[in-house]
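Scroll down for the structure; my scribbles are underneath it.
The values are calculated or read from the model by the stated rules, or taken from the named source; none is laboratory data. On a predicted model such as this, the values are computed, not experimentally measured, just so you know. Because the Cβ atoms are built from the backbone with ideal geometry, glycine has one as well, and the counts that use them run over all protein chains shown. Keep in mind that these areas ignore ligands, DNA and RNA; they rest on the heavy atoms of the full protein, side chains included. Shrake-Rupley method; radii C 1.70, N 1.55, O 1.52, S 1.80 Å.
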Amino acid sequence: MSNTTLQTVEGRRILCTADVRGNISELNRLAREYNAHYIIHTGDFGFYDRSSLDRIGERPLKHWIQYTTLVPAQIRARLLSSSPETIYQTLEQSPHTLLSEFPEFLSGEKQLDVPVYTVWGACEDVAIIEKFRTKDYHINNLFLLDEASTHLLDIGGVSLRLFGLGGAVVQHKLFDNGEGIDTIAGGLGVMWTTALQIGELVELASSVYDRTETRVLVTHASPGREGLLAQLALTLHADFTISAGLHFRYNIAYNEFACQPEIDHFRNRLIQSQQQFMQLWDGIKEQVEDSVDEHQFGLLRNALNVVNRIPPSLQEMEGSDKSELFAWERDELAYKNMWNFNLPDAAYGSLLFNIHNGIMASEMRSYGLNFSYRRNQQTSSPATSSIHSSAPTNTTTTTTAEKPNQYRNTTSDWQQEVDNNNYNSNRNSKRQSMQRNLYTAYVGGLSNTTVTDEDIKEYFGYDNVTGVKFPIDPTTQLPKAHCYVDFINQNALEQALSKNGTIYRDNKLVINRPNTQFGDNNRGRGRGGSSRGRSYRDSRIMNDH
């Protein structure tokens, strides 16, 4: 059953931000700073309480600790260099909130000063979300944007219709609910989007369609990265999309016409998304159709309509009739006029809509990148150039080099200490790795999927594998889309190399001998220790993180 709300006010300011990660009070501070009357938040809100520690996996928990602003730097350093058992114990026994302020807002001890409309992110507790959906939980001024609810804001002469879709978009998880109930999905501290969610959102949007409204699709994952979300935006007739998940230091604003030379290029990206989905769907179609009821079957049909929402090519347009031309013109308008905004984390920037007299003006604010480290770099080139800067002078000396699109303090003392302890400096790590194991293979092609260490061991055989290492992307601080697998002997390595080019979870694997090998065979573990079964405690969260 859909839930619709309506609020009518004169000209107002809407602040759009992302990833407060449990520091929910930051929303109140931002509302005061920007004089905002409403807030749209794009996920990783902080839907955790102390009981979530029994459900969250080690890797999502470490990722959360690393980037939440609730944890002081010294405590963060100590936690991330501790054993998993120590991390869980510390968070459980801490008298102060380290995971999320959510319990304080739920109890009424703290309040949201303005209405906040949010989707859930990739790092949330599905059990908490379920309690909101059953109305067991309620926080004043907090509204979830999901496939079952929509909100209409009549502001400054604009009827702003909000739709939302939370979670990570992972192709092979679209038909897996995990620990979720009904249409939403998640487990062990992470959440993802399902096909049923997409189908229900389409049904909801169709039931409230009004040509006079301005439609906004709020997602956690970026439509610029996920073709499926771009197709969904077309289906919903969205005028704007607002998303997060990329963690850049600047806001991103674009439309497809500005990025693609012609609509056929945009079309090709959607076709690629369609092919990925249909490859999965063809393999599980009979099983899924046998297990859903009549209503769910209708939702699946809606989701398939989204997947098949492909604008015609320029060549196909030449022989189209008038009805097809009308549909084409609508898609062409979206191609040229639908604007997409991708937000940095709340700590680094925001988007502000100022709506008055029917006009939606926008301001994008960012704390930016620190380029002062370049002045300290010694170069071999003797060339010099004059430098003119209009930036305000900062008398504080910066000693830590900050690289583009990285979180602040990613080169902090705790990270350096971990690197030193685990690798004995980056320069020596590869040499030490080769001394430890000569039977290592590079396994790539794991894009657009969530694969655990245990999955890799299972695929190659537990008896054959001695270790799995996912390198960390310095930009997102998440595991990359490839790993290095240590095998027990030459025979096991040769067997693995023979699987090069095989298909695993809709991805064509690239398996070969690496030019260099990585050490550190420590694997992520769940709270109860390592397991031979599949576990989302070891999941790589691909999102756009």
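If only residues of region 274-298 that are within 24 Å of the chain's Cα centre (by Cα) and modelled with pLDDT of 90 or more are counted, the one that is nearest to Lys336 (Cα to Cα) is Gln274. From the list Thr42, Thr69, Thr8, Thr4, the one residue that fits, being at pLDDT 90 or above and open to solvent by 40 Å² or more (accessible area, probe 1.4 Å), is Thr69. When region 45-55 is limited to residues that are open to solvent by 10 Å² or more (accessible area, probe 1.4 Å) and farther than 23 Å from Leu165 by Cβ, the one that is nearest to the chain's Cα centre (by Cα) turns out to be Asp49.
Selection within region 442-469: residues that are part of a loop (DSSP other than H, G, I, E, B), open to solvent by less than 10 Å² (accessible area, probe 1.4 Å) and touching an Asp or Glu at 6+ places or on another chain (Cβ under 8 Å). The member of this set that is modelled with the highest pLDDT is Thr452. Restricting attention to region 299-336 and to residues that are within 30 Å of Met360 (Cα to Cα) and open to solvent by 90 Å² or more (accessible area, probe 1.4 Å), the residue that is modelled with the lowest pLDDT turns out to be Phe326. Among the residues of region 338-364, the ones that are open to solvent by 40 Å² or more (accessible area, probe 1.4 Å), in contact (Cβ under 8 Å) with a residue 12 or more places away in the chain and in a strand (DSSP E or B) come to 8 in all. Residues that are within 30 Å of Ile40 (Cα to Cα), part of a loop (DSSP other than H, G, I, E, B) and open to solvent by less than 80 Å² (accessible area, probe 1.4 Å) are absent from region 277-294. In region 263-276, the residues that are within 11 Å of Gln231 (Cβ to Cβ) and open to solvent by less than 60 Å² (accessible area, probe 1.4 Å) form Cβ pairs under 8 Å with partners that are assigned to a helix (DSSP H, G or I) and among the polar types (S, T, N, Q), at six or more places apart or across chains, as follows: Leu270/Gln231; Ser273/Gln231; Gln274/Gln231.
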